[in-house]
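What follows draws every value from the coordinates through simple rules; no lab data is involved. All values derive from a computational prediction rather than experimental measurement. Methodologically, a virtual Cβ is constructed for each residue, glycine included, from the backbone with ideal geometry; neighbour enumeration extends over all protein chains shown.
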Amino acid sequence: MKLTQKYLKELLYYNPDTGIFTWKENRRRVKKGDVAGGFGEDGYIQICIDRFTYRGHQLAWLYHYGEYPCGYVDHINHNRSDNSISNLRCVTAAENGKNRGKQSNNKSGYVGVHWDKTRRKWLASIKVNRRCINLGRFKERKDAIFARQQAENKYGFHSCHGK
């Protein structure tokens, strides 16, 4: 059985401002009013309904819009547990890649900018449609960051990308 908006609304209440689901009635191990779900290993909220596990952001989309998301559900602020409807948007894989967080091993402080040891300059690059575009090498880090920012604007990256 595919989960429907109607059945979901019978079981759970969703607060679109907080993104939190709560149970509407007592069920096996939960009581009416309990927060539904918990954190999965990947940091996303997971909610079990009738022995099937669903991701909270997908349920939020179904609950609010009445249909399953057409593609990926992007957490705009990169917080995987923030399922408030204003923080979610349905995107393609390419669009989702244009709103990624900064990696933990980033040393320059900005996505797409790193130190080229060989040439002793800052290198700026950007990946668009699976193609890496070299934006140049710069003596100053700020110039490389500026080049990267210009490219992000040109290629339609989200303003939260790399934050």
Worksheet entry | region 132-148 residues near the modelled ALA94 label - backbone nitrogen below 17 Å, point 7 Å along Cα→Cβ | 132-133
Worksheet item: LYS139: net charge of surrounding residues, Cβ under 14 Å, Lys/Arg +1, Asp/Glu -1, itself excluded?
Response: +3
Fill in: Net charge contributed by nearby residues that have their C-beta within less than 12 Å of ARG28 (K/R +1, D/E -1)
+1
Fill in: Principal-axis tilt of helix 56-65 within the chain, Cα atoms, nearest 10 degrees
70
Item to complete: Please report TYR65, TYR110 as a ranked list, fewest other C-beta atoms within 10 angstrom at the top and most at the bottom.
Response: TYR65, TYR110
Worksheet entry | Estimated inter-spin distance, LYS24 and TYR65, nm [label 7 Å along Cα→Cβ] | 2.2
Worksheet item: When LYS24, LYS117 are ordered from fewest to most other Cβ atoms inside 10 Å of their Cβ, what list results?
Response: LYS117, LYS24
Worksheet item: Once the mean 1/r over all distinct Cα pairs of the chain is inverted, what Kirkwood radius in angstroms do you read off?
Response: 18.1
Discussion item. Can you give me the C-alpha center-to-center distance between region 60-79 and region 1-20, rounded to a whole angstrom?
Written reply: 12
Worksheet item: So which of LYS2/LYS24; LYS6/LYS31; LYS6/LYS127 end up more than 32 Å apart by C-alpha?
Response: LYS6/LYS127
Worksheet item: Tilt of helix 141-154 relative to the longest C-alpha principal axis of the chain, in degrees (0 to 90, nearest 10)?
Response: 60
Discussion item. Modelling each spin label as a point 7 Å along the Cα-to-Cβ direction, I'd like the LYS154/ARG120 distance in nm, to one decimal.
Written reply: 2.9
Worksheet entry | Expected 222 nm ellipticity per residue - DSSP helices of 4 or more, -39500 (n - 2.57), all of the chain, to 500 | -6000 deg cm²/dmol
